[in-house]
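The values are calculated or read from the model by the stated rules, or taken from the named source; none is laboratory data. Predicted model, so just to flag it, every value in this text is computed and none were measured. Note: ideal-geometry Cβ built from the backbone for every residue, glycine included; neighbour counts use all protein chains shown. The protein model used for the area step is the full one, side chains on, heavy atoms only, and it has no ligands, DNA or RNA in it. Shrake-Rupley method; radii C 1.70, N 1.55, O 1.52, S 1.80 Å.
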Amino acid sequence: MTKRIVVTGIGATSAIGGTAPENWTNLLAGVSGGKSLAHEWVAELGLPVTFAAEASVRPEEVLARPVAKRLDPSSQFALIAAMEAWEDAGSPDVDPERLGVDFATGIGGVWTLLDAWDTLREKGPRRVMPMTVPMLMPNSAAGNLSLHFTARAFARTVASACASSTESLVNAYEHLQAGLADVVIAGGTESAIHPITIASFASMQALSRRNDDPATASRPYSVDRDGFVMGEGAAVLILETEEHAKARGAKIYAELVGGGVTADAYHITANAPEGAERAVKLALESAGRTPDDITHINAHATSTPVGDPNEYTALKNVIGDRVHEIPVSATKSATGHLLGGTGALEAIFAVLAIRDRIAPPTINITTQDPEIPLRVSRDAQALGDGPQLAISNSFGFGGHNAVVAFADYAG
């Protein structure tokens, strides 16, 4: 029997806010998280890109020092977002063996790994921390959330580059449908604003070079877009079966009605529109909806010259000319690109767009690319009074594609 899966809690920390409500308020206000980096290593290493979208609230401002010391920054962000989401959901009373974790990261504990390498070279092996491996491993966030919330059903990790946390949401949906849990803590995290990642992405010409104007550097769909802006943070959704949520009287934000995951098998970094197209189709099929039902799209839209038009091609192939009538938001223009954490954050924005019936703005567009004639929300747009269906897209290096679909909840 098909179960209804609902969203009962949300939590987020990013460059535009330390909580989910702050993120939403600042997103609607057109706030940009892009800023020049103040770290000494930027100048010391001569980095070609000197800005990013660092989290506005640092983990040490939220977590107790003994807790923070045992976690890589990526896991710190994950715990902060998860604690907020759990409280927002009313701290569900759930059997630990019916509580699961589906979590994601694109890179994992890069700060821990490279700090340990520096320590080894400069001070020798005896000074390398015993907690190094538990802190750097990609499943560290999922494992630590399982420990913190006593989640014993499962604690699974996805590492599918920039599609990671959207894929984790699809996994959570499927695990709940399969009866493996009643409640799932789902989402993703990333803290990879590090010299090596900046240098590497810059070397492949994926990052914007607007060092003189970081606040407007992320320009999805703009004719003068020149790459994405590195972001960081985490986002978490508490998902549960409708039966469980209603039994405990939980508030319900929206319904997660379906998801699709595909692989391109095309190129390790370049994406193929066909894979994204199939992911959108699968999401709609699993939701029992048609392209005509879509009322809002939160696009992957990273502000890269090739990626943005490829996503448009995929959407047009699925939706047809009606795609030009649907309000589209490209929220990385404000938050930067959280890599493995970005899909969960954008899923939250899709949920809140449904709740408030507002498509959030896409900032920083100078002139919209005529080759991408989408109805991009340059300012916040009303979504209307009818039934809502929002999709959120994520595509990653390795040819990973993931799409989730949310609908307004009618009990």
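Under a GNM of the chain (C-alpha, springs under 10 Å), which listed residue has the highest mean-square fluctuation: Asn364, Asn393, Asn211?
Asn211
In the structure shown, do any of Lys281/Lys332; Lys69/Lys123; Lys3/Lys281; Lys3/Lys332; Lys35/Lys69 have a Cα-Cα gap over 29 Å, and if so which? Walk me through the numbers on the way to the answer.
Details: Lys281/Lys332 23 Å; Lys69/Lys123 20 Å; Lys3/Lys281 20 Å; Lys3/Lys332 32 Å; Lys35/Lys69 26 Å.
Exceeds cut-off: Lys3/Lys332.
Counting only protein heavy atoms and using a 1.4 Å probe, what share of the accessible area of segment 198-255 belongs to carbon plus sulfur, as a whole percent? Before the final figure, lay out the partial values.
On the way: 920 of 2040 Å².
Answer for segment 198-255 is 45 percent, counting heavy atoms of protein chains only.
Read phi for every residue in segment 100-106 and hand back ³J(HN,Hα) as whole Hz from Karplus 6.51 cos²θ - 1.76 cosθ + 1.60, θ = phi - 60°, with x for Gly and Pro.
x, 10, 10, 10, 8, 7, x
Using a 1.4 Å probe over the heavy atoms of the protein chains, calculate the carbon and sulfur portion of the accessible area of segment 99-161 as a whole percent.
Numbers: 1900 of 3330 Å².
Carbon and sulfur atoms account for 57 percent of the accessible area of segment 99-161.
Using a ≥ b ≥ c from the Cα gyration tensor of segment 18-94 (square roots of the eigenvalues), is it rounded, prolate or oblate, where a/c under 1.5 gives rounded and otherwise the larger of a/b and b/c decides, a/b for prolate?
On the way: a/c = 3.51, a/b = 1.49, b/c = 2.36.
Verdict is oblate for segment 18-94.
Please identify every one of the chymotrypsin sites (Phe, Trp or Tyr not before Pro) in segment 257-350 that sits in a loop by DSSP and has no more than 14 other beta carbons within 10 Å of its own beta carbon.
Hits after loop and neighbour filter: Tyr266.
In Å², and per residue, what accessible area does segment 2-139 have when probed at 1.4 Å with the other protein chains present? Walk me through the numbers on the way to the answer.
Details: 6670 Å² over 138 residues.
On a per-residue basis, 48 Å².
Summing Lys, Arg as +1 and Asp, Glu as -1, what charge do residues with Cβ under 13 Å from the Cβ of Asp95 carry, Asp95 excluded? Could the numbers behind the result be given before it?
On the way: positive: Arg98, Arg152, Arg248; negative: Asp93, Glu97, Asp182, Glu240.
Once positives and negatives cancel, what remains is -1.
Can you work out ³J(HN,Hα) from phi for every residue in segment 262-273, in order, using Karplus 6.51 cos²θ - 1.76 cosθ + 1.60 and θ = phi - 60°, giving whole Hz and x for Gly and Pro?
9, 10, 6, 6, 10, 7, 6, 10, 7, 9, 10, x
Between segment 228-247 and segment 132-208, how far is it from one alpha carbon centroid to the other, in angstrom?
Comparing the Cα centres of segment 228-247 and segment 132-208, I get a distance of 12 Å.
Determine the sum of side-chain charges near Asn139: Lys and Arg each +1, Asp and Glu each -1, restricted to other residues whose C-beta is under 13 angstrom from that of Asn139.
Details: positive: Arg156; negative: Asp72, Asp102.
Residues near Asn139 contribute -1 overall.
Excluding ligands and nucleic acids, what accessible area in Å² is computed for Met129 using a 1.4 Å probe, to the nearest 10?
Counting only protein heavy atoms, Met129 exposes about 100 Å² to solvent.
With +1 on the Cβ of every Lys and Arg and -1 on the Cβ of every Asp and Glu, and nothing else charged, how large is the dipole of segment 136-273 about its Cα centre, in debye rounded to the nearest 20? Don't skip to the answer; put the middle values down first.
Working: 9 positive and 14 negative charges, 40 e Å.
Around 200 debye, computed over segment 136-273.
Any chance you could get the radius of gyration and Dmax over the Cα atoms of the chain, in Å?
19.9, 64
Quick one: 3J(HN,Hα) in Hz for segment 52-60, Karplus 6.51/-1.76/1.60 with θ = phi - 60°, rounded, Gly and Pro as x.
6, 10, 6, 4, 6, 10, 6, x, 5
By the scheme Lys and Arg +1, Asp and Glu -1, what is the net charge of all other residues having a beta-carbon under 13 Å from that of Met129?
Working: positive: Lys69, Arg70, Lys123, Arg126, Arg127; negative: Asp72, Asp115, Asp118.
Within the 13 Å Cβ shell, the charges total +2.
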